[in-house]
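Throughout, read-outs are computed from the coordinates displayed, never taken from laboratory work. Owing to the predicted nature of the structure, the values given are computational and were not obtained by experimental measurement. Every residue, glycine as well, gets a Cβ built from its backbone with ideal geometry; the counts of neighbours run over all protein chains shown.
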Amino acid sequence: MHQLLLLRHAKSAWDDPALSDHARPLNARGRRAAAAMAGAMRGLGLRPQLVLVSSSRRTLQTLETLGTLEGPPRVEPMDDLYLAPWTRLLDAVREVPEEVGSVLLIAHNPGLHDLALALAGEGSDSEGAPPALAEAYPTAALAEFAIEGEWRGLSPGGARLVRFLQPSDLPEMAA
């Protein structure tokens, strides 16, 4: 059994119009949400062996804000994950070596949301995905999937959604 964790980058700043989209940093709320999600991940015992992360500043800062992940995992920043469509994100997961049991993918919407819906299956809302996932994939949200087959054979509908956590679900972010 494999585990796939899909984490959308945390909230980024729009303060500096001179910055390219790729170079936008996290804002204070984003850093707080990423830290809260890191605590939730530790509490749930989520320990990725490999992190595939978009090369954008906000995704890399989200990873940094998660703090030291147990292991620690191997980290692979990838330029082609920046604003990638779900099909490219799925291809990246399919390229993971079979000996890797758990992968954390940190990327962007709409690709990440589309990937989560595709993995959960067509009509995912009626197939048991929480309505929150069907509706939106907010910044710093995390979806955990269980995959029974091989990475290279992963296809739409080929994963079971274990949980979907949004920052608003965490007590630290309720205040």
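At a glance:
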item	result
MRE, 222 nm, helices only [DSSP H, n ≥ 4, -39500 (n - 2.57), over the chain, to nearest 500]	-8500 deg cm²/dmol
Lys/Arg +1, Asp/Glu -1 at C-beta; the chain dipole; positive extreme among 141, 39, 78	39
DSSP beta bridges in the chain [antiparallel fraction, %, rounded to 5]	45 percent
Burial ordering of 82, 137, fewest other beta-carbon atoms within 10 Å first	82, 137
Tilt relative to the chain, helix 28-43 - C-alpha long axis, 0 to 90 degrees, to 10	40 degrees
Sequence of 80, 169 once ranked by neighbouring C-beta atoms within 10 Å, starting from the fewest	80, 169
R0 of 25 Å, Cβ-Cβ distance residue 42-residue 87: FRET efficiency to nearest 0.05	0.20
Cβ-based exposure ranking for 29, 94, 8, in which fewest neighbours within 10 Å come first	94, 29, 8
